[in-house]
Amino acid sequence: MDAIVLPAVVLGPLLPALIVLAAAALVLGLDLGPRALPRELLAVTALAGMIGALLATLARWGAPGRAFRDMVVLDNYALFFNVIICYSGALIVLLSMDYLRRTGSDSAEYYALVLFATAGMMLLAAAGDLVVVFLALELMSLSLYVLAGLFKRELASGEAAMKYFLLGAFASSFLLYGIALVYGAAGTTNLDRIAAAMAARPRDPLFVVGYGLLLVGFGFKISSVPFHMWVPDVYQGAPTSVTALIATGSKAAAFAALIRVLAVTLRGVPPDWTPLFWAVAVVTMTVGNVVAIAQSNLKRMLAYSSIAHVGYMLVGLVAGGAGGTGAVLFYLLTYTFTTAGAFGVITLCERARGEAVEVGDYAGLARRHPMLAAALGIFLLSLIGIPPLAGFVGKFYVFGAAVRAGYVWLAVIGLLNSAMAAYYYLRVVVYMYMREPEGAVTAYAPSFAGGVALTVALLAIVLLGVMPAPFVDLAQAAVAPLLR
Amino acid sequence: MIGLPAYLILGALVFSIGLFGVLTRRNAVGILLGIELMLNAVNINLVAFARFNGDVAGLVFTLFTISITVAEVAVGLAIVIAIFRVRRTVEADRLDLLRG
């Protein structure tokens, strides 16, 4: 029997995730401390964790590292996603501070769970092994299931948590079954070695079935049609700050893992799967947009809109190459700021009973709270894709990549979908600026932290819209090494 | 000597039984049990592959999935209890507040 050789422990590539986990432990510890501690300290600690992780990420830029025998790969690709995830986490913490106090759910475990979920997302983006993909996905998902049910006394929140949990665990079992079959066929769970095994036997039935199941699992997590059933219910029922995290960070992380697994392991395989993604992209954006038109609940409408945006991102995946895949990364960056901002405005609006979530609640908002209405208007215009906002540039690069790769019809369908989407986004703007409120008016729940979050998001989408080139170049350079 | 295909068929059968349970049960705890069966079918596969490939990674992976599964059950039952306190039911088709 050979002696067991322990590999050298290199923690450097784990640093961003470790900072977030340390902040989570600190938050839980502070909660046990003396009662005299101000409650804001919890949120500030969580925010410091996010910003610390962001700085650690930026400091490691261009210095890729691997740890635990290639299980964790912190390359520029993972760092790019870390930036998205850190911003998403920081914005959600800022938005939560006053929102939670108002709703009586201010608790240390909320911030700790947000941090745990964020750490899971970072590890998911840096996963170089299917074992880590599964573990990170579960770390993220289990935290989010609990967060969705945060409002324990509200029926909708519990129902959202239950549906999210049952469908999420169901999807995880498919993903895991797929991983097991791929492991059986390749004899390893390491992505690079799977690539070598697949290049030798791309038609092995275990690979084909395994990848099918893997894609079902990922389809649930990125919420593409036909695995989108949970999205509207969960987005509507979960606390709005949690919805923002599910819509931005968790979606970006799931995309990160999907792109890395596909790009790395299918290197030597002919792209037979492109027609499948073509069809899924078309159906996803069309279903999302058509159903969104009929929604009267703003959170539910944004849920269907997020499904449609997944369709646009899949267009970039179909186009492939550094151009198409890089465009998806840039799209996720713009989408994160825009969507976090749109949900952020909802957390700042309240009515006598609960939140202002119906589109009708926003009638006349522009006259009483012009800043808030302008912010929501800009976020919605960016979601439509009006220049010079970030959403326009994101769509421009995704559809441009599709045209260059020869998928002209796909780009045309995408543009028609964007035009259709303008209807339901603009309806909200019309309500805010041209309608008078009926009955009780929606009040602004003042929040300094929330204002800061919205300002950051607004500045980001204007900056990304006016000066996109450096960020697009970064995204393409980050994704290029995966595709070699 | 029982071959690898026998174990894979057993795994597929257990997975299908779990899937059937998830799709037909109306009680949330019943659905959770179905999901557990599906996850354990994966463990059968992983252990069988590890045994026949002569590779220990699959066994280690199985330990990870078992612990994750336990965490999942804990969270799932906590959500079930939280809902039961408010609604006095955990029938999945009675949870129909959210629709559009």
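Values in this text are rule-based calculations from the coordinates and carry no lab data. Since the model is a prediction, treat every value here as computed from it, not as a measurement. Virtual Cβ from ideal backbone geometry, glycine too; neighbours counted across all protein chains shown.
Per residue of B:75-81, what is the mean number of Cβ atoms on other protein chains within 10 angstrom of that residue's Cβ?
Values: counts 9, 8, 0, 5, 13, 5, 1.
Average neighbour count from other chains, rounded to a whole number: 6.
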Helix A:76-103 sits off the longest principal axis of the Cα atoms of chain A, rounded to the nearest 10 on a 0 to 90 degree scale, by 30 degrees
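Quick one: if you take sqrt(5λ) for each eigenvalue of the C-alpha gyration tensor of the range A:10-270, what semi-axes come out, biggest first, whole angstrom?
Values: eigenvalues 219, 99, 33 Å².
Working from the Cα gyration tensor, I get semi-axes of 33, 22, 13 Å.
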With a/c under 1.5 counting as rounded, go ahead and sort the range A:358-484 into rounded, prolate or oblate using the C-alpha gyration tensor (a ≥ b ≥ c being the square roots of the eigenvalues; past the cut-off, prolate if a/b is larger than b/c, else oblate).
oblate
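Over chain A, what is the relative contact order in percent, taking alpha-carbon pairs closer than 8 angstrom and at least six residues apart? Before the final figure, lay out the partial values.
Details: 829 pairs, mean separation 73.0, N = 484.
This gives 15 percent for chain A.
Classify the range A:1-108 as rounded, prolate or oblate, taking a ≥ b ≥ c as the square roots of the eigenvalues of its Cα gyration tensor: rounded when a/c is under 1.5, otherwise prolate if a/b is larger than b/c and oblate if not.
Values: a/c = 3.31, a/b = 1.76, b/c = 1.88.
Verdict is oblate for the range A:1-108.
Residue separation times 0.36 nm, minus the C-alpha to C-alpha distance between A:R39 and A:V5: what's the value? Walk me through the intermediate numbers first.
On the way: separation 34, 0.36 × 34 = 12.24 nm, distance 4.68 nm.
Extending this stretch completely gives an extra 7.6 nm.
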Per 5 Å bin, what is the whole-percent P(r) computed from every C-alpha pair distance within chain B?
3, 13, 17, 18, 17, 11, 9, 6, 4, 2, 0, 0
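Based only on the alpha carbon positions, what is the Kirkwood hydrodynamic radius of the range A:271-484, in angstrom? Could you put the intermediate results ahead of the total?
Details: mean 1/r = 0.0565 Å⁻¹.
Every distinct Cα pair counted, the radius reaches 17.7 Å.
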Here, A:A294 and B:D93, labelled 7 Å along Cα→Cβ, have an inter-label distance in nm of 2.0 nm
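Place a +1 charge on the Cβ of each Lys and Arg in the protein assembly as shown and a -1 charge on the Cβ of each Asp and Glu, then give the dipole magnitude about the Cα centre in debye, rounded to the nearest 20. Could the numbers behind the result be given before it?
Details: 36 positive and 29 negative charges, 101 e Å.
Here the protein assembly as shown has a charge dipole of around 480 debye.
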Mean ellipticity per residue at 222 nm, deg cm²/dmol - from DSSP H runs of n ≥ 4 across chain A, formula -39500 (n - 2.57):
-25000 deg cm²/dmol
Of the peptides A:141-148, A:449-456, how do they stack up when ordered by the mean number of other Cβ atoms within 10 Å, highest first?
A:141-148, A:449-456
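What's the magnitude of the charge dipole for the range A:271-484 around its Cα centre, counting Lys and Arg as +1 and Asp and Glu as -1 at the beta-carbon? Answer in Debye, nearest 20. Numbers along the way, then the final one.
Values: 11 positive and 8 negative charges, 17 e Å.
It comes to approximately 80 debye.
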Based on the Cβ-Cβ distance from A:A443 to B:A78, what FRET efficiency comes out when R0 is 60 Å, to the nearest 0.05?
0.95
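Sorting check: for A:193-201, A:3-11, A:69-77, which peptide has the highest mean count of neighbouring beta carbons within 10 Å, and how do the rest follow?
Details: A:193-201: 16.2, A:3-11: 7.9, A:69-77: 20.8.
Output ranking for A:193-201, A:3-11, A:69-77: A:69-77, A:193-201, A:3-11.
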Kindly give Rg over Rh for chain A, based on alpha-carbon atoms, with the Kirkwood expression for the hydrodynamic radius.
0.96
Binning at 5 Å from 0, report for the range A:217-288 what percent of all alpha-carbon pair distances ends up in each bin.
3, 14, 20, 25, 18, 10, 6, 3, 1
Per-residue Cβ contact counts at 10 Å, fewest first, order A:V20, A:V261 as A:V261, A:V20
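What order, most packed first, do the peptides B:5-14, A:31-40, A:402-411 have when packing is the mean number of other Cβ atoms within 10 Å of each residue? Walk me through the intermediate numbers first.
Working: B:5-14: 15.2, A:31-40: 9.5, A:402-411: 17.3.
Going from most to least packed, we get A:402-411, B:5-14, A:31-40.
Once you average over the residues of A:194-204, how many Cβ atoms of partner chains fall within 10 Å of each Cβ?
Numbers: counts 0, 0, 0, 0, 0, 0, 0, 0, 0, 0, 0.
Counting other chains' Cβ atoms within 10 Å and averaging over A:194-204 gives 0.
In a shell of Cβ-Cβ distance under 15 Å around A:L474, excluding A:L474 itself, what net charge do Lys and Arg (+1) and Asp and Glu (-1) give?
Values: positive: A:R60; negative: A:D75, A:D473.
Result for the neighbourhood of A:L474: -1.
Do any trypsin sites (Lys or Arg not before Pro) in the range B:22-100 lie in a DSSP loop with no more than 16 other beta carbon atoms within 10 Å, and if so, which? Please report the intermediate quantities before stating the final value.
Numbers: sites: B:R25, B:R26, B:R51, B:R85, B:R87, B:R88, B:R94, B:R99; in loops: B:R25, B:R26, B:R88, B:R99.
Those that pass, being in a loop and sparsely packed, are B:R25, B:R26, B:R88, B:R99.
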Can you tell me the convex hull volume per residue for the range A:65-187, based on C-alpha atoms, in Å³ to the nearest whole number?
101 Å³
C-alpha long axis of helix A:408-434 to longest principal axis of chain A, angle in °:
20 degrees
Please compute the average number of Cβ atoms from other chains found within 10 Å of each residue's Cβ in peptide A:147-153.
2
